[in-house]
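One structure is given below, encoded as structure tokens.
The values are calculated or read from the model by the stated rules, or taken from the named source; none is laboratory data. Please read these numbers as outputs of a predicted model, since none were measured by experiment. Neighbour counts run over all protein chains shown; Cβ positions are idealised from the backbone, glycine included. SASA here: full protein model, heavy atoms, side chains in, ligands and nucleic acids out. Shrake-Rupley method; radii C 1.70, N 1.55, O 1.52, S 1.80 Å.
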Amino acid sequence: MKSFSKMVYPYVVWATIMIIFPMLMIVLYAFSVEGNSVLTFQFTLQNFARFFSDEVLPAVLWRSLRMAFVTTFICILIGYPTAYVMAKTSSNKQAVMVLLITLPMWINMLVRTYAWRGILSHMHMSGEIKVYIGMVYNFLPFMILQIYTSLSKIDPALITAAADLGADDRQTFRRVIFPLSLSGIVSGITLVIPAGGIVILHSQVPRRRTVCPDR
């Protein structure tokens with residue numbers, strides 16, 4: 001067991017460099033004066049004061065969070081039944097379904113988003129609904145795969161034992177299957193909410209015009 005635990009070290013190093021370090025840099029820039037380098041760091045709370053005193057940015061933030069939570073909720077409603085059906089099929093069909101779900105992810109997200117933008121531009125619906133469609137399409141595979149992984153790891157003996165004890169299908173799902181799949185739902189939420197919120201927030205922040213001086 002100790003020899004296998006050493007295999008975690010490369011992942012820890014990768015996660016530290018690619019995830020933890022960038023997040024710490026974001027926190028550092030949030031409390032620093034614009035244009036500072038790490039060597040000449042100057043602590044300030046002016047960035048937060050400017051954010052909350054602005055008329056646009058707080059409204060954009062709360063709207064983005066609301067849309068991120070709604071997107072995550074829709075992904076759960078669609079993703080859980082899909083993952084449940086996948087886990088119930090044979091292994092050969094599961095491989096095909098996983099391939100079909102992951103196949104669109106081989107294409108860059110920006111390309112897929114612009115493709116949906118071209119499709120939805122000819123449809124008469126509100127812009128917010130179009131954003132929901134694009135966000136659910138981009139992040140639904142993450143939710144499905146996480147829930148599918150947790151469902152496929154459930155020991156079939158537990159379901160058989162529940163049936164032997166007199167539980168019907170509904171009781172088995174409510175007391176055995178669903179509690180054991182909560183880890184997959186939580187993992188899917190942690191993937192969908194942050195990514196969805198960042199993308200929506202970036203798309204809604206107004207671009208400030210820069211006036212070029214006359215030459």
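Of everything listed in (1) surrounded by fewer than 14 Cβ atoms within 10 Å (Cβ to Cβ); (2) over 18 Å from S150 (Cα atoms); (3) within 16 Å of the chain's Cα centre (by Cα), the single unmet condition for L77 is (2). Return yes or no: is T71 out of contact with any Phe, Trp or Tyr (no Cβ under 7 Å at 6 or more places or on another chain), buried (at least 16 other Cβ atoms within 10 Å of the Cβ) and in a helix (DSSP H, G or I)? Spelling it out, it is not the case that T71 is out of contact with any Phe, Trp or Tyr (no Cβ under 7 Å at 6 or more places or on another chain), buried (at least 16 other Cβ atoms within 10 Å of the Cβ) and in a helix (DSSP H, G or I).
Summed over the range 33-46, the residues that are surrounded by 11 or more Cβ atoms within 10 Å (Cβ to Cβ) and modelled with pLDDT of 80 or more give a count of 2. Does the range 108-116 include one or more residues that are surrounded by 11 or more Cβ atoms within 10 Å (Cβ to Cβ), in contact with a helix residue (DSSP H, G or I) (Cβ under 8 Å, 6 or more places away or on another chain) and of a type in the set (D, E, K, R)? Looking through the range 108-116, at least one residue is surrounded by 11 or more Cβ atoms within 10 Å (Cβ to Cβ), in contact with a helix residue (DSSP H, G or I) (Cβ under 8 Å, 6 or more places away or on another chain) and of a type in the set (D, E, K, R). Against the definition (more than 20 Å from K153 (Cβ to Cβ), modelled with pLDDT under 85 and out of contact with any Pro (no Cβ under 6 Å at 6 or more places or on another chain)), how does V60 come out, yes or no? Yes, satisfied. Applying a threshold of 8 Å to beta carbon distances and a minimum spacing of six or more residues, or different chains, the list of pairs starting in the range 127-148 at a residue that is open to solvent by less than 20 Å² (accessible area, probe 1.4 Å) and ending at one that is not in a helix (DSSP H, G or I) reads I147/S181.
Out of the helices (runs of 4 or more DSSP H) lying entirely within the range 84-153, which hold 3 or more residues that are aromatic (F, W, Y)?
Numbers: elements: 91-102, 109-120, 127-152.
Where helices (runs of 4 or more DSSP H) fall fully within the range 84-153 and carry at least 3 residues being aromatic (F, W, Y), they are 127-152.
When the residues of the range 154-194 are narrowed to those that are part of a helix (DSSP H, G or I) and polar (S, T, N, Q), which ends up nearest to V98 (Cα to Cα)? Restricting to residues being part of a helix (DSSP H, G or I) and polar (S, T, N, Q), the top hit is S187.
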